[in-house]
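Quick notes on the structure that follows.
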Amino acid sequence: MSFIQNIEQEPNKRNLFKSIINLAHGLNMEAVAERVETEEQLQIVIEQGCDVVQGFYLGKPVVEQEAKKLMAHAQNKPASK
């Protein structure tokens, strides 16, 4: 079951998602949202207090060498103001 799929249209999914985040935080754990595919889904999971987000909206899967290049590039970028 994906808690994120159709979270924009289904209030019950949003309530369940928030409960899972609260449970994780109550156990001193981070909450991770997977399969975030749209900007609207991203906004909802952020508003609900999710700690970590991953999914196609943020980036497609890449092979190891490409991931290393992306990380090296990010480390060499000046910090945003």
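The values are calculated or read from the model by the stated rules, or taken from the named source; none is laboratory data. These numbers come from a predicted model, not from an experiment. Here Cβ is always computed from backbone atoms with ideal geometry, including for glycine, and neighbour counts include all displayed protein chains. Side chains included, ligands, DNA and RNA excluded: accessible areas come from the protein's heavy atoms. Shrake-Rupley method; radii C 1.70, N 1.55, O 1.52, S 1.80 Å.
Can you give the helix-only mean residue ellipticity at 222 nm for the chain, where every DSSP H stretch with n ≥ 4 adds -39500 (n - 2.57) and the sum goes over all residues, rounded to the nearest 500 deg cm²/dmol?
The helix contribution divided over the chain gives -15000 deg cm²/dmol.
Using a cut-off of 13 Å between beta-carbons, work out the net charge of the residues near residue 41 (Lys and Arg +1, Asp and Glu -1, residue 41 not included).
Overall, the nearby charge balance is -4.
Show the residues, 5+ positions off or on another chain, whose built amide H is closer than 5 Å to the amide H of residue 53.
Correct list: 33.
So how much slack lies between residue 63 and residue 23, counting 0.36 nm per residue of separation and subtracting their Cα-Cα distance, in nm?
Length difference between fully extended and current span is 11.0 nm.
Quick one: work out Rg over Rh on the C-alpha atoms of the chain, Rh as Kirkwood radius. Could the numbers behind the result be given before it?
Values: Rg = 15.1 Å, Rh = 14.2 Å.
Here Rg/Rh amounts to 1.06.
Using a 1.4 Å probe over the heavy atoms of the protein chains, calculate the carbon and sulfur portion of the accessible area of the chain as a whole percent. List each step's numbers first, then the result.
On the way: 3330 of 6340 Å².
Carbon-and-sulfur percentage of accessible area, whole number: 53.
What net charge is computed for the residues neighbouring residue 7, neighbours being all others with C-beta under 15 Å from the C-beta of residue 7, Lys and Arg scored +1, Asp and Glu -1?
Surrounding charge for residue 7 is -3.
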